[in-house]
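The values are calculated or read from the model by the stated rules, or taken from the named source; none is laboratory data. Since this is a predicted model, take the numbers as computed values, not measurements. Neighbour counts run over all protein chains shown; Cβ positions are idealised from the backbone, glycine included. The protein model used for the area step is the full one, side chains on, heavy atoms only, and it has no ligands, DNA or RNA in it. Shrake-Rupley method; radii C 1.70, N 1.55, O 1.52, S 1.80 Å.
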Amino acid sequence: MWLGDEDGLSSFRIFSFGYNANFKGAATNLNTIDFAKDLLFSMLSFSERSRDGAEGFLPIGSRPIIFVAHSMGGLVVKKAYILGKHDRQYSNLIAQVYGILFLATPHRGAQYAKMLNNILSTVPFGTASKAYVAELGTHSSSLQDINEQFSKFCEELQLASFFETMKTSVGVTKVLVRNVPISHAYTF
């Protein structure tokens, strides 16, 4: 809601999408493909409701689409784009994707993924390792597959990657908070 009050953004429609990345609960063993399919389905569902007469709303895809994705969300968007390129029911949506801004997206993996999954598998309250965390490993075949497929389809897109470069105040000191190495944040 608050972005609509920004002068430069008042003519844009802005949607947010979240996925269940919780460590506990029923949907905790989902992976990037599951999240990507949910993103595509959510976009298509909104578009179909809009066509059916939702007042004042144009379907998603009736205007150019620009994704702004943070961390693993960038991988989800890349996978959704790939899946949409292969599925006719999403072709109108995917055809309208103009660009993607990646914010701290671990394109080549995150160095702490394996350690986090090891911790999760030893925690006494029943949390097991997570598929989506394992996919973030630096040598993950899932990431390699996403990157290889995405590179074949992204030529017509405007792409930009951003990563943390400034230190943040933490108590009496300043530290660089970076969960993704620079080399992993800007290569597709």
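Figures for the structure shown
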read-out	value
List Lys78, Lys152, ordered by accessible area with a 1.4 Å probe, largest first	Lys152, Lys78
Cα→Cβ-extended label distance, 7 Å offset, between Glu6 and Thr173, nm	3.3
Residue-span extension gain [Tyr98 to Gln144] - 0.36 nm each, minus C-alpha spacing	14.2 nm
Added length on full extension, which subtracts the Cα-Cα distance from 0.36 nm per residue, Phe17 to Glu48	9.4 nm
Accessible area, probe 1.4 Å, largest first, for residues Phe153, Phe46, Phe15, Phe102	Phe15, Phe153, Phe46, Phe102
Exposure ranking of Val97, Val68 by accessible area [1.4 Å probe, largest first]	Val68, Val97
Straight-distance crosslink candidates among aspartates and glutamates, where the alpha carbon sits under 12 Å from Lys78 and sequence neighbours closer than 8 are dropped	Asp145, Glu148
Spin-label pair Glu156/Asn29, simplified geometry with 7 Å Cα→Cβ offset, distance in nm	3.9
